[in-house]
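The next block holds one structure in the form of structure tokens; read it before the comments.
The values are calculated or read from the model by the stated rules, or taken from the named source; none is laboratory data. On a predicted model such as this, the values are computed, not experimentally measured, just so you know. Every residue, glycine as well, gets a Cβ built from its backbone with ideal geometry; the counts of neighbours run over all protein chains shown. Just the protein is used for accessible areas: all its heavy atoms, side chains included, with ligands, DNA and RNA removed. Shrake-Rupley method; radii C 1.70, N 1.55, O 1.52, S 1.80 Å.
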Amino acid sequence: MKKKLLSALLSVAMVATLLVGCGGATTTVEEAAETTTEVAETTEEASGDVTTYKVGVAIYQFDDNFMTLYRNEIESYFASLCTDTVKYEVTTVDGKNDMATQTDQIRNFITQGMDAIICNLVQTSSAEVIIDEVVAAGIPLILINREPLGDNGDESYAGILDNATVCYVGADARQSGTYQGEIVLALDNKGDINGDGKVSYVMIVGDPENPDAQYRTEFSIKALNDAGMETECLVEQVGNWATDKGQEIAATALSQHGDAVEVIFCNNDGMALGAAAAIEAAGRKVGEDIYLLGVDALEECQQMVSEGTMTGTVLNDHIGQSHKAVDVTVEALNGNAIDNYYWVDYVMIK
Ligand code: BGC
């Protein structure tokens, strides 16, 4: 009955793209906020004994390998939790990597009367504004993937989540960086292929404002140094999590520094895929004359690690994180107390 009603409404409102989290049609909202609200209200009226919770999910950018896996899992896990009497209507929006766009989307969610908001911030330095507005509207806010630390891990952000209805669900990026370093340390030559007493590396950085990028960059090298290895940074450049940038940076570094490059660290697998292509094009061989590290454990990269074309990666558990984010959202929707932080472990893959 409810599904029929939804499809009728959707076919009338052609512009609407709506995600229903209960096994119905899966589409995604871009601009059609009003139509979504209308459908939701009608749905609630139509089924007196069913409670429908409206959840807004704001993703920093749909065009991101890892966040695509993550958001798809949020949607399917919500769908799996629907029962005859409780429904979750999930509306997912693309921030297009633009903070102003995302702020508008969050304001729309507030106007639409979302019962909870899950937000993957475009800029963690805007966390305060978003938190203030969502809290003032009395809506629980579950921040995911980008820990609100402000610019460069600004200490003044400590305590920013001190609010009964706000939390962060994520993985501690220091751990992923440390694991990258430990994978190199476990190699027979500890990454020092040419035996000159130091590990000469290229660092391909995600988005420098993102704590995941900051910590992975820092802690991968710290792990080597803490174990007594000397390191030399040949190139450190921003690849914004993107495969094409990873390829471009690695190709330039390899042509400039040639055999001196012993390890290429990438803050994520997306960029490592690009670096792998550049390594191959340069006639180098992972595991023989160069090492390549990523983070996320995308399926392709796990395959590459088992075939030896990548040295190692670190599982960024999008399933664990998305399920935790949804479980916490459900707790908040039920009026239960939530913590301010929920951590999901990374897993080393080598
Ligand atoms: C992932 C990256 C992703 C980024 C988005 C990180 O945790 O490792 O692949 O691009 O999150 O914020």
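Odds and ends about this structure:
- Between PHE219, ILE193, VAL261, the Cα set farthest toward the positive side of the dipole of the range 174-315 (charges on each charged residue's Cβ, about the Cα centre) is that of PHE219.
- Where GluC sites (Glu not before Pro) fall in DSSP loop in the range 271-350, at most 15 other Cβ within 10 Å: GLU288
- Per DSSP, loop chymotrypsin sites (Phe, Trp or Tyr not before Pro) in the range 195-251 with at most 11 further Cβ within 10 Å: none
- Taking Cα centre as origin and charging only the Cβ of basic (Lys, Arg, +1) and acidic (Asp, Glu, -1) residues, the dipole magnitude of the range 174-315 rounds to 120 debye.
- Length-normalised contact order for the range 174-315 - Cα pairs under 8 Å, 6+ apart - percent: 25 percent
- Under 12 Å of direct C-alpha separation, and excluding same-chain neighbours fewer than eight residues apart, LYS350 reaches these aspartates and glutamates: GLU182, GLU307.
- Between the beta carbons of ASN72 and LYS190, assuming R0 = 41 Å, the FRET efficiency works out to 0.60 to the nearest 0.05.
- Fraction of accessible area attributable to carbon and sulfur, the range 174-315 (%, probe 1.4 Å): 44 percent
- If the segment from ASN334 to GLN303 were pulled out straight at 0.36 nm per residue, it would be longer than the present Cα-Cα gap by 7.1 nm.
- ASP162-THR83 FRET efficiency (beta carbon distance; Förster radius 25 Å; 0.05 resolution): 0.15
- Rounded FRET efficiency, nearest 0.05, which uses the C-beta distance separating THR51 from LYS222 and R0 of 35 Å: 0.10
- The loop-placed trypsin sites (Lys or Arg not before Pro) in the range 219-317, going by DSSP, that have at most 16 neighbouring Cβ atoms within 10 Å of their Cβ come out as LYS285.
- Theoretical gain in end-to-end length, ASP98 to VAL135 [0.36 nm per residue, Cα-Cα removed]: 11.1 nm
- Rg ratio (alpha-carbon, reference 2.2 N^0.38 Å) - the range 69-163: 1.14
- With all protein chains kept in place, the per residue accessible area of the range 50-200 amounts to 36 square angstrom at a probe of 1.4 angstrom.
- Amide H contacts of TYR53 (H built 1.01 Å from N, under 5 Å, at least 5 apart or other chain): LYS87, TYR88, GLU89
- If you take the Cα centroid of the range 304-321 and the Cα centroid of the range 209-233, the two points sit 19 Å apart.
- Applying 0.36 nm per residue to the separation of GLU128 and ASP259 and subtracting their alpha-carbon distance, the gain on full extension is 42.5 nm.
- A simple rule links phi to the HN-Hα coupling: the Karplus curve 6.51 cos²θ - 1.76 cosθ + 1.60 with θ = phi - 60°, which for the range 166-177 gives 10, 8, 10, 10, x, 10, 7, 4, 4, 4, 5, x Hz, with x for Gly and Pro.
- Percentage of interatomic Cα-Cα distances in the range 174-315 larger than 27 Å: 7 percent
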